[in-house]
Amino acid sequence: MSDYPKAGRVVPKGAWQAAADFVALDYEGRFLRRKRLVAGSGTGFLVDLPEVTNLAGGEAFVLEDGRFIEVRPALEPVLVVKGDLPKLAWHIGNRHTPCQIEAGRLVIRADHVLEGMLKGLGAEVRPGVETFQPEGGAYGMGRTMGHDHGHSHHHGHSHSHDHDHDHGHDHHHHHDHA
């Protein structure tokens, strides 16, 4: 076993008192079940949650001794996108890419392929380093399970979208990654 204090649950923002410490996690790092983390003070702790969890900024891990460790989004490389936002958001969503939607701009994780596509669609795209907190999935999962998860899988159809056509069919994807 480990000498590190264990965090077996997470409480939502506003449901906890003063934090004993914090941990800064990027977008990928906020999606976990079991992992050793190091808090801002340098103290290690073991996260051991009942299931894979999508953490949001402001939530807190609860350590065995009752202390709270606040979850903070970490800075990470992003692309800030401006332009015809409904059109650009559609193209980003059509690629199952997580997107942070704000008034006057979209924010996505840094990706040179998407950057080229968006510029080709007339977008103003600039690199940045910010916290990334995209919209959750439409089905209550808190994450869109996009095609940027580092391994391939076969859907039985092509994802080529370099021509105009109408998606007149249901476009469902099942991504079992457990």
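Looking across segment 1-23 at every residue that is among the basic types (K, R) and within 21 Å of the chain's Cα centre (by Cα), the one that is farthest from D65 (Cα to Cα) is identified as K13. Would you say G122 is modelled with pLDDT under 50 and among the small types (G, A, S)? The answer is no for G122.
Name the residues in segment 55-82 that are part of a strand (DSSP E or B), within 14 Å of the chain's Cα centre (by Cα) and either hydroxyl-bearing (S, T, Y) or closer than 18 Å to F22 by Cβ (or both), would you? The answer is V71, R72, P73, L75, E76. Of the residues making up segment 51-67, those that are crowded, with 20+ Cβ neighbours inside 10 Å and either free of Cβ contacts under 8 Å to residues at least 40 places away in the same chain or more than 23 Å from E130 (Cβ to Cβ) (or both) are F61, L63. Taking each residue of segment 1-20 that is closer than 16 Å to G42 by Cβ and looking for partners that are acidic (D, E) and assigned to a loop (DSSP other than H, G, I, E, B) with beta-carbon atoms closer than 7 Å, six or more apart or interchain, yields P5/E64; P5/D65. Please work out if A7 is farther than 28 Å from R109 by Cα, among the hydrophobic types (A, V, I, L, M, F, W, C) and either outside any strand (DSSP E or B) or modelled with pLDDT under 95 (or both). No, not satisfied.
The values are calculated or read from the model by the stated rules, or taken from the named source; none is laboratory data. What you are looking at is a predicted structure, and each value in this text was computed from that prediction instead of being measured. Backbone-built Cβ (ideal geometry, glycine too); neighbour counts: all protein chains shown.
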